[in-house]
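A short worksheet on the structure shown next.
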Amino acid sequence: MKRASIPDLEQAIRTVPDFPKSGIQFKDITPVLADGHLFSSVIDHLLDGIQPDSIDLIVGIDARGFILGAAAAGRLGVGFIPIRKKGKLPWTTIEQNYDLEYGTNTMAIHTDAIQSGQRVLLIDDLLATGGTAAAALALVRQLGATVVGVRFLIELTFLEGRKHLGAHDIRSLISY
Ligand code: AMP
């Protein structure tokens, strides 16, 4: 079947005002995930230009990055590595703090998740201020990974999160 277009995907994303708090326009991707054709097409689009033998691992960010990242890893037949909020991973971890609008958050990765020199593609659902993805990149770099690319389904361009991600091949499918 022909893949769904970017406008088809955009139409299925639901914007929920004032969730989880006042002033946030939450981009709800569950209607995309619930539709097999749209979900599969998102993975096609995210992997555009990625040769199956050009990456060793997909790294997904807690929590919606797990859904997209794991599906993409399954598509390519490569491993999947989770970056999780602090305190969730059971084995030895390294951690990275990052700033939120109010306060800070901490992301973690297992120390043995990536071998030095492995080529990774980082995936999350949405790029906003860039703090989360910047922390994830710091973690994979600390483990010696080569970052082949960074992919998002959605980018809130007005927040200029890209500025915090360095000189990587960064692409998003839908921009607001
Ligand atoms: P940031 O660190 O500001 O780039 O935020 C990105 C992370 O927060 C991603 O993992 C997103 O899932 C989540 N996020 C931030 N803003 C939104 C939003 N408006 N709608 C849905 N998820 C969001």
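The numbers here are math on the coordinates, done by the rules we state, and not lab data. Keep in mind the model is a prediction, meaning the values are calculated, not measured. Note that each Cβ is placed from the backbone with ideal geometry, even for glycine, and that neighbours are counted across all protein chains shown.
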Inset, instruction - Highest first, please rank the peptides 168-174, 86-92, 130-136 by the mean number of other Cβ atoms sitting within 10 Å of their residues. - result: 130-136, 168-174, 86-92
Inset, instruction - With a ≥ b ≥ c taken as the square roots of the eigenvalues of the C-alpha gyration tensor of region 94-139, please select rounded if a/c is under 1.5 and otherwise prolate if a/b is larger than b/c or oblate if it is not? - result: oblate
Legend entry - Gyration tensor over alpha-carbon atoms, the chain, equivalent ellipsoid semi-axes in Å: 24, 21, 14
Legend entry - Protection proxy ranking of 6-17, 31-42 - average other beta-carbon atoms within 10 Å, highest first: 31-42, 6-17
Inset, instruction - Express in whole angstrom the spacing between the alpha-carbon centres of region 55-112 and region 116-176. - result: 12
Legend entry - Burial ranking of peptide ranges 20-29, 54-63, 118-127 (average Cβ count within 10 Å, highest at the top): 118-127, 54-63, 20-29
Legend entry - Residues with amide H under 5 Å from that of Ile174, placed H, sequence gap 5 or more: Ile154, Glu155
Inset, instruction - Determine the percent antiparallel among the DSSP beta bridges restricted to region 1-142, to the nearest 5. - result: 60
Legend entry - Dipole magnitude (debye, nearest 20) for the chain, charges at Cβ of Lys, Arg, Asp, Glu: 160
Legend entry - Dipole of the chain, positive end: most advanced residue of Tyr98, Leu76, Ile50 [Cβ charges, Cα centre]: Tyr98
Inset, instruction - Based on other C-beta atoms within 10 Å, arrange Tyr176, Tyr102 from fewest to most. - result: Tyr102, Tyr176
Legend entry - Cross-link partners of Lys86 among aspartates and glutamates (Cα-Cα below 20 Å; sequence separation of 8 or more within a chain): Asp62, Glu95, Asp99, Glu101, Asp112, Asp124, Asp125
Inset, instruction - Name the residue, out of Ile50, Ile154, Ile114, whose mean-square fluctuation peaks in a Gaussian network model built on the chain with Cα pairs under 10 Å. - result: Ile50
